[in-house]
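In what follows, a single structure is set out as structure tokens and then discussed.
The values are calculated or read from the model by the stated rules, or taken from the named source; none is laboratory data. Quantities reported herein were computed from a predicted structural model and do not represent experimental measurements. When we count neighbours, we look across all protein chains shown, and the Cβ atoms used for this are built from the backbone with ideal geometry, even at glycine. Heavy atoms of the whole protein, side chains included, go into the accessibility calculation; ligands, DNA and RNA do not. Shrake-Rupley method; radii C 1.70, N 1.55, O 1.52, S 1.80 Å.
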Amino acid sequence: MTGRVALLAVTLVTLLAGTWLLSGALVEGTDPLLVAVGRTGVCCAMLTSFAAVRSPGRAQLRRLVRQSGTLTLLGLLGFAAYAVGTLLAIARIGTSVTNLVVALMPCASLALGALLFGQRASARQAAGAVLATVATGAYALRDGAGRIDALGVGLAVAGMLSFAVYGFLYRRRLGDVAPSVALPALLGAATLMMLPLALTAGAASPAQWGGIVFLGGVVYAPAYLVQHRLILLRGPVFTAAVQLAVPFAVRLGDWALGLEPAPTALELTLLCCALTGIGLVTLRDRTSSPTDAPLPGDANDLDDMTASAYTSSACVSPTVTSTAASRKPPTAPHASARRPPGR
């Protein structure tokens, strides 16, 4: 794992821990449908403003919006279905059980990748995904938290599977488009699809709207950018495995803030098991596997708008690597140091 990828992974876990905490707090007193539509719309507005400040971004957006079929499909799978499914699930079965279902995503991604997208995973990756999933699931249910409800579990499973499929389709269809340009179009399509749901949702107070705006604009916007950068760089299985660290990050954060007692021996053991499993999935062999090989083209170049979005959200911007170096074949990690003379 390179330094840039490690930095992106740590940033993603930190931001997603914030999304779970804020989403769980908001749906306790706010209609989950309103939270889903509101956070998506606010996030779309925030990222669109970044893309629109530069003429290249505006030109790319104009070209991208012509791909209405792709935007509709990806907007539905990656944002509308996932947001509605998980937020309605949190309201019915609680955050812990919803987290348990979402923790199945690495295993689901491995299976879907093999069945539908011709992706091959090593035995080490499969074993790591199972270990991390079991550890995270045991952690989520360690104290019997949450409520088991068939509809709630079904909604969480539907949301999880939709995003697992989305990761592969996004990487295949929009792999040559920078996330800072692709995300505004995808979020816009998802917002339009979810607007009818907002008409049936309950009203929210100004304070609740403030929470929704903060969730979508300050937390989700940079989280989506980092998440999609990792999907392009290392693939959906890698990204899903990294996200299994989120529940443990929330627990350690509560302890650091004095909101919870120190982690128990059981919690630390499950954390170690989860980290071991994540390591088995995410650490690369000397020869990259097809599952996580970087895509060719502009997808591997971190553009200025993405970097400015990280900075504005108090995130550390990863170092921008050269276009030529990022496009070298994954099997030759030091090829950039052996360029032929005269180039």
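Cα convex hull of the stretch 1-62: how many Å³ per residue? Mind dumping the intermediate values first?
Numbers: hull volume 7.3 nm³, N = 62.
So the per-residue hull volume is 117 Å³.
Please list, in order along the stretch 166-174, the HN-Hα scalar couplings obtained from phi with the Karplus expression 6.51 cos²θ - 1.76 cosθ + 1.60 (θ = phi - 60°), rounded to whole Hz, x for Gly and Pro.
4, x, 6, 5, 4, 5, 7, 8, 10
Measure off, as a whole percent, the carbon and sulfur share of the 1.4 Å-probe accessible area of the stretch 64-172, all protein chains present.
67
Can you check what the Kirkwood hydrodynamic radius comes to for the stretch 1-139, Cα pairs only, in Å to one decimal?
Result for the stretch 1-139 stands at 17.8 Å.
Mind jotting down a quarter of the surface of the convex hull over the alpha carbons of the stretch 26-85, in square nanometres, one decimal?
Taking a quarter of the hull surface, the average projection is 4.5 nm².
In terms of modelled amide H atoms, which long-range or inter-chain residues lie less than 5 Å from the amide H of Glu260?
Trp255
Consider just the alpha-carbon atoms of the stretch 65-209 and return their Rg together with their Dmax, both in angstrom.
Using the Cα atoms of the stretch 65-209, the pair Rg, Dmax is 17.0, 51 Å.
Once phi is turned into ³J(HN,Hα) by the Karplus curve 6.51 cos²θ - 1.76 cosθ + 1.60 with θ = phi - 60°, what whole-Hz value does each residue of the stretch 212-219 show in order, with x for glycine and proline?
So the J values, rounded to whole Hz, are 5, 5, 5, 4, x, x, 9, 9.
Using modelled amide H (1.01 Å from N, peptide plane; none on Pro or chain starts), what sits under 5 Å from the amide H of Asp31, excluding residues fewer than 5 places away?
Gly202
So how do 170-182, 203-215 stack up, highest first, on mean other-Cβ count within 10 Å?
170-182, 203-215
How much area per residue is accessible in the stretch 86-196 when the probe is 1.4 Å and only protein heavy atoms are counted (Å²)?
37
So what are the ³J(HN,Hα) numbers for the stretch 78-85, from phi and the Karplus equation (6.51, -1.76, 1.60; θ = phi - 60°), rounded to whole Hz, Gly and Pro as x?
x, 10, 5, 5, 5, 5, 5, x
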